[in-house]
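Derivation of every value follows stated rules applied to the coordinates shown; laboratory data play no part. Everything numeric here is computed off the predicted structure, so don't read it as measured data. Here the Cβ positions follow ideal geometry from the backbone for every residue, glycine too, while neighbour counts run over all protein chains shown.
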Ligand SMILES: [Zn+2]
């Protein structure tokens, strides 16, 4: 929704579409219902470009856990994603505005994203303690029942949400307008509309109510975003992405896509409860339905197979906390799968985590030393393991992008996943 006549401050350029590849094998096309949506492109923001598909590391509180932003730049990270709700509570979005915006505040010169706080509506409210993603739900808890031992921290109504601060118990009101004001103050290049994220526990009836609420909130976000963009015309342009909900229901997802496509969003986030086995199918409903020339972000995924599923089905950017989360518990990725550095077999192993990894950790430190750091509870352990894991995922996605441009995406994907999960048989 840029208003300036000069070069657009935000744009998305499509480069290669996988389905146009002349070498696309027939059986591959059939395998995904003939609907591969994968593509490469470039998102241009006031703080630089993002070549897609791209993995966006998470810096929830304007900090990556245990890793400096300059380290992430050196490892090839293109952008960072922070959380509006957390920064609203601490230090306060007005502080970030005064500092010159999120990137300046945290010494990250590249593009930034903020998510809207919608996730907290669910995770602190009806979804507290429930299984919220990537898992099957054998015994749903329903719309109002809480997970055992949990106290509700948020309550949603048609106008917005009451939150209780997890820091000091203070009560706060979030509405679509408040979310937009907070995100404009934080100043990320890409923001998300305020939405209600449901869980796999919710009934179909509740999903319909939540989706209609999210549609109305999206309209209010767009109106407030336009007002703030004009009022703050001296600030760099901030793009607004609409968030597609609708859980596992095809008709709800497609309807949400059609509704939000009309509203003038710069791009879209695909959110909500996604069972791992349904991930590709649900993403594809959305990418088929949404305008092709808009960037699509998948909010919060985890494992390498999910990343390829997202890329296969047309996701351009995605965030994921797993690389640093598992690193802090001493688990590291390698081409042949994930392993734990505290294992006794690494006590005298003076090789890097991975021989082929060019990251700072692998070019300077051994498994034996990293094991020692974890065993002696030194904080550098988390830093070094996180750097490696982030690089692993960044390289995985950069490799997918390069392979798509070179026309050998399927060879790359199959070899990567086969080696990682131990099922790869080299063809002779
Ligand atoms: Zn490494």
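Structure summary
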{"item": "Estimated distance in nm for a label pair at residue 234 and residue 159, the labels positioned 7 Å out from Cα along Cα-to-Cβ", "result": "3.3"}
{"item": "Chain lengthening between residue 288 and residue 27 when straightened (0.36 nm per residue, less Cα-Cα)", "result": "91.9 nm"}
{"item": "Rg to Rh quotient for region 55-320, alpha carbon positions, Kirkwood Rh", "result": "0.94"}
{"item": "Over region 331-420, relative contact order from alpha-carbon pairs under 8 Å, at least 6 apart, %", "result": "29"}
{"item": "Where labels lie 7 Å past Cα in the beta-carbon direction, separation of residue 349 and residue 411 in nm", "result": "3.1"}
{"item": "Alpha-carbon Rg with Dmax, taken over region 331-420, Å", "result": "14.4, 47"}
{"item": "Shape of region 194-320, Cα gyration tensor, a/c cut at 1.5", "result": "oblate"}
{"item": "Cα→Cβ-extended label distance, 7 Å offset, between residue 42 and residue 368, nm", "result": "4.7"}
{"item": "Antiparallel bridges, percent of DSSP beta bridges restricted to the chain (to nearest 5)", "result": "50"}
{"item": "Region 165-274: relative contact order in percent, alpha carbon pairs under 8 Å with at least 6 residues between", "result": "31"}
{"item": "Relative contact order (percent, whole number), the chain, Cα cutoff 8 Å, 6+ residue spacing", "result": "17"}
{"item": "Förster radius 25 Å - calculated FRET efficiency between residue 70 and residue 356 (Cβ-Cβ, nearest 0.05)", "result": "0.55"}
{"item": "Extension reserve of the residue 168-residue 251 stretch, reckoned as 0.36 nm per residue once the Cα distance is removed", "result": "25.8 nm"}
{"item": "Calculated [θ] (222 nm, deg cm²/dmol) that DSSP helices of n ≥ 4 give over the chain, each run adding -39,500 (n - 2.57)", "result": "-11500 deg cm²/dmol"}
